[in-house]
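What follows is a set of notes on a single structure, which appears directly below.
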Amino acid sequence: MIPSLNPNSIYNKRVLLRVDLNMPMLDGEILSMARWLNVLPTIKRILEEKPKKLVILSHLGQPNGIELALSLLHIQKVIKKDLPGIKLIKKISDIKDEGGIFLLENVRFDEREKTLDQTLIDEYLSVIDTVIFDAFSVSHRNHASVTGILASAKTYAFGPLFHRERKAIDTALSRSGKRIAILSGAKISTKLPMIKKMLTWADHVLVGGGIANTLLHASGYNMQDSLKDVNAITDARMMLNKTSKLILPIDGLNQSEGILDFESSSMSQGDKILDIGPKTLQLYAKYIDQADTIIWNGPLGYYESPRFQRGTQQIALSIASASGYSIVGGGDSVAAIEDLNISHQFDYVSTSGGAFLHYVAYGTLPVIEAVAEKIIHEPETA
Ligand code: ADP
Ligand code: MG
């Protein structure tokens, strides 16, 4: 149902490869090459089998129509070192009969990409024989170059990065022993399915950030001006009533870096909690040390400011030195780990945010459903 890359099916074929080259950029300069380095082995593997043509597809950012700042020209410039012959093309139909290695311009420049327009999917498929999907980080999106091409392609496969991401999550979820999840970040509402899943899977769910603020507020502690989801207070209250697995911070840092003990003092009007406090760090470190499996998503404080990075960094370091199996996903959490240069001390650092949350929460992804449905609907061949 989820076929892996089969080298025999590539020789002399016209191959389309969907990857994620949405790399962080500032003024046209690429800040991290991690996404490219993750898919380069897939590309090398495909090229070893001598396809007639390889067309690489990716999005970059959230363009509104055609925006030169988000052109894949910036990406082509840096990946040329590894793939000297790669040509940037505007439209896939421009290379009907040509062989070679091509990089298609930002798929999101075409407004039909996000609307899952069949005319765009047909355009993609008209010039290629097989689709290889290795963009785990967008596999929760119903877009033309994601679920669209997979549902319509006659032959397709999933690349090694996709399988690696799934396997790391499957491994974590299936482990026995003490399990903890650390869930933090900005909004509870975007992470509700993940929180619910973790409340069934884990022995304890440790929270921070806006999620913790919302839960604390729902429990009756006035969080004043702290970041919280006012629309999720009822959900938060229901969760607190239903489970004893949630572990909430016992102290926090306010905007002037003052430590506030939630058990013995209340917050003043206008105050905001921007990081977890030292007692919470100690408490969470104990859970982390004793866990056999740790799943982490979301910075524990307002990470953009160096004054409130300590909670996130200390939690990252605790997980890195713990003996349990550890995985982490989420754009901002992963960036924090990269800043500390400790990625190698985790069992798996996902390349994904939304797709990571989706797969952990539901055990499936829209791309998997796209091909599963196709197989069910395909007539049996004689
Ligand atoms: P991820 O990308 O890892 O899934 P999120 O996007 O959910 O994480 O959350 C990251 C954001 O949450 C960051 O912008 C960070 O500053 C913010 N954040 C976390 N805790 C707080 C807090 N206490 N107050 C304000 N912002 C916070
Ligand atoms: Mg984020």
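Look through segment 181-191, keep the residues that are more than 20 Å from Tyr287 (Cα to Cα) and under 16 Å from the mean Cα position of the chain (by Cα), and return whichever of them is nearest to ligand 2 (Cβ to nearest atom).
Ala186
Which condition number in (1) within 16 Å of ligand 2 (Cβ to nearest atom); (2) touching a residue at least 24 places away in the same chain (Cβ under 8 Å); (3) more than 17 Å from Leu248 (Cβ to Cβ) is the one that Tyr362 fails?
All conditions are met except number (1).
Restricting attention to segment 283-323, which residues are crowded, with 17+ Cβ neighbours inside 10 Å, touching a Gly at 6+ places or on another chain (Cβ under 8 Å), in a loop (DSSP other than H, G, I, E, B) and at negative phi?
Ala291, Pro299, Leu300, Gly301, Gln309
Name the residue that is farthest from the chain's Cα centre (by Cα), counting only residues in segment 129-171 that are hydroxyl-bearing (Ser, Thr, Tyr) and within 24 Å of Thr293 (Cβ to Cβ).
Going through the qualifying residues, I end up with Thr171.
How many of the residues making up segment 163-203 are modelled with pLDDT under 95 and in contact with a Pro (Cβ under 7 Å, 6 or more places away or on another chain)?
Qualifying residue count for the region: 1.
Only one of (1) crowded, with 16+ Cβ neighbours inside 10 Å; (2) modelled with pLDDT of 95 or more; (3) not basic (Lys, Arg) fails for Leu73. Which number is that?
(1)
Given the structure, is Pro84 over 30 Å from Ala372 (Cα atoms) and in contact (Cβ under 8 Å) with a residue 40 or more places away in the chain?
When the stated conditions are applied, Pro84 does not pass them.
In the set Ile315, Ile294, which member is within 14 Å of ligand 1 (Cβ to nearest atom) and touching a residue at least 60 places away in the same chain (Cβ under 8 Å)? Break it down stepwise before answering.
Numbers: Ile294 fails: within 14 Å of ligand 1 (Cβ to nearest atom).
Matching residue, one of Ile315, Ile294: Ile315.
Any idea which residue in segment 263-280 is farthest from ligand 1 (Cβ to nearest atom), counting only those that are closer than 30 Å to Lys178 by Cα and surrounded by fewer than 21 Cβ atoms within 10 Å (Cβ to Cβ)?
Glu263
Within segment 324-337, can you find the residues that are within 14 Å of ligand 2 (Cβ to nearest atom) and either within 21 Å of Ser176 (Cβ to Cβ) or part of a helix (DSSP H, G or I) (or both)?
Matches in segment 324-337: Val328, Gly331, Asp332, Ser333, Val334, Ala335, Ala336, Ile337.
Would you mind telling me which numbered condition in (1) out of contact with any Lys or Arg (no Cβ under 7 Å at 6 or more places or on another chain); (2) in a helix (DSSP H, G or I) Thr214 fails?
(1)
Among the numbered conditions (1) away from ligand 1 (no atom under 16 Å from the Cβ); (2) assigned to a loop (DSSP other than H, G, I, E, B), tell me where Lys167 comes up short.
(2)
Given the options Gly177, Gly148, name the one that is surrounded by fewer than 23 Cβ atoms within 10 Å (Cβ to Cβ) and either outside any helix (DSSP H, G or I) or among the small types (Gly, Ala, Ser) (or both).
On the way: Gly148 fails: surrounded by fewer than 23 Cβ atoms within 10 Å (Cβ to Cβ).
Going through Gly177, Gly148 in turn, the sole match is Gly177.
Only residues in segment 322-333 that are farther than 16 Å from Arg164 by Cβ count as the first member; pair them with residues that are more than 6 Å from ligand 1 (Cβ to nearest atom) and part of a strand (DSSP E or B), Cβ under 7 angstrom, at least 6 apart or cross-chain, and list the lot.
So the pair list comes out as Ala322/Ile294; Gly324/Thr293; Gly324/Ile294; Ser333/Trp296.
The values are calculated or read from the model by the stated rules, or taken from the named source; none is laboratory data. Note that this is a predicted model, so its numbers are computed, not measured. Here the Cβ is made from the backbone with ideal geometry for all residues, glycine too, and neighbour counts use every protein chain on show.
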